[in-house]
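Take a look at the structure set out below.
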Amino acid sequence: MTTLPSVGLVAGSRRSKRLTQRSRAERWAPLLFLLPAALTLLTVSVYPVIDGLRLSLRNTMLSTQEDAFVGLSNYVRLTADPDFWSAWRHTMLFTAASTLLETVLGMAMAIVLYETFKGRGWVRAAMLVPWAIPTVVTSKMFGWLFDGQHGVVNWLLMQTGLIDGYVNWYGDSQTALLTIIIADVWKTTPFMALLLLAGLQTVPHSLVEAARIDGAGPWQCFWSIRLPLLFTTLLIAGMFRALDAFRIFDLVYVLTGGGPADSTEVLSTLSYKVLFSGLDFGYGSALSAAMFITEALIALGFGLFIVRRMRRDNG
């Protein structure tokens, strides 16, 4: 009779141990499932950035087998390099112009596709075709369209009387960057339209109907109701597009290669030439680090505006 309580105590202790082990396993299970993704992210994203910062502090030349710690010498050289500042200005100009044009045109496309009309589904699907085309294909296509001798664009402009002679669009330093901006706007505007269309669908339709009953026109409904409610979405879409535009490489590399006379040289193509053509890993890593810092500042600026806007909307 005296052994029964001890048996109950042993069974209770075993049950509590099993519950403790189960709760501990349940606590660690999510971390174990996230471990492969975390390791992949560290391998392909974090480690290259850290290693690039390490190389930017060294004079590493594969062509001469040099490798020595030089501290901030590469960054001092960077500040006095006219090629870097020229590529930086081209990159910032391309980013600002393409983001602004794609946001405005994307908003116009989103407003049109938001309305109900026959064949809207087909139009929405066709809108995504430019975005789905690989950038290399887009580069070659616009190379043929804007060809200085046999391009369709020159022929159309001459037929309409807008130009008197053939224009060497991407072969002239005055028009080459403009040609790249036009090609990028054509390709990426559907992406902006898709994001803004999703934002428009979150605007309560009852607000627009109430404004129309009160006598507001289409422009007043957009400016006073839709645009304020869509402003945070605009900022987020603009940030995504600006960060993507700042990394432009393939369109420039295939269409102009950075020329003519470095008029379309951007930071990505300049870093590629220094790293893989010149085999100067130290200075090339400093270029990449400067590019990374500039992009981080752009993201920080957009992030501050987005947080301020969200606090204003929620407050």
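Rule-based calculations on the coordinates, nothing more; no lab input. Note that the coordinates shown come from a computational prediction; the quantities given were computed from them, not determined experimentally. All Cβ positions, glycine included, derive from the backbone under ideal geometry; neighbour counts span all protein chains shown.
The range 207-249 and the range 136-187 have Cα centres spaced 31 Å apart.
Summing -39500 (n - 2.57) over the DSSP H runs of n ≥ 4 in the chain and dividing by its residue number, what mean residue ellipticity at 222 nm do you reach, to the nearest 500 deg cm²/dmol?
Working: 15 runs with 223 residues, N = 315.
That calculation yields -23000 deg cm²/dmol at 222 nm.
In a simple Cβ point-charge model (Lys, Arg +1; Asp, Glu -1; nothing else charged), the range 73-314 has a dipole of about 820 debye relative to its Cα centre. Across the options VAL153, ALA299, GLY278, the greatest Cα extent toward the positive end of the charge dipole of the range 73-314 (unit charges at beta carbon of Lys, Arg, Asp, Glu) belongs to ALA299. By how many degrees, between 0 and 90 and to the nearest 10, does the Cα long axis of helix 227-246 differ from the longest principal axis of the chain? Rounded to the nearest ten degrees, it is 80.
For the range 96-157, compute Rh as the Kirkwood radius over C-alpha pairs and then the Stokes-Einstein diffusion coefficient at 25 °C and 0.890 mPa s; write the answer in µm²/s, rounded to an integer. Stokes-Einstein gives a translational diffusion coefficient of 175 µm²/s. Annotation: peptides 214-222, 252-260, ranked by per-residue average of other Cβ atoms within 10 Å with the highest first, follow the order 252-260, 214-222. Between ARG312 and LEU93, the modelled labels are 3.2 nm apart [label points 7 Å from Cα along Cα→Cβ].
What FRET efficiency comes out for the pair ASP164/ALA261, r = Cβ-Cβ distance, R0 = 22 Å, nearest 0.05? Please list the in-between numbers first.
Working: r = 24 Å, r/R0 = 1.11.
Efficiency at R0 = 22 Å is approximately 0.35.
Using C-alpha pairs below 8 Å separated by at least 6 residues, the relative contact order for the chain is 26 percent. Put a dot 7 Å past the Cα of LEU34, heading toward its Cβ, do the same for TYR47, and the two dots end up 2.1 nm apart. At full extension, ASP83 and ALA299 could sit 75.3 nm farther apart than now, given 0.36 nm per residue minus the alpha carbon distance.
Would you mind calculating the relative contact order of the range 56-108 from Cα pairs under 8 angstrom and at least 6 residues apart, reporting the percent as a whole number? The normalised contact order for the range 56-108 reaches 22 percent. Treating each Cα of the chain as an identical point scatterer and summing with the Debye formula, the log10 of I(q)/I(0) at q = 0.07, 0.16 Å⁻¹ comes to -0.46, -1.34.
Label positions at ARG120 and MET141, each projected 7 Å from the Cα along the C-beta direction, are separated by 2.6 nm.
So how many Å³ per residue does the convex hull of the Cα atoms of the range 184-259 work out to? Mind showing how you got there, number by number?
On the way: hull volume 7.3 nm³, N = 76.
Per-residue hull volume (Cα only) is 96 Å³.
Structural descriptor for the range 73-222: relative contact order 31 percent, calculated from alpha carbon pairs under 8 angstrom and at least 6 residues apart.
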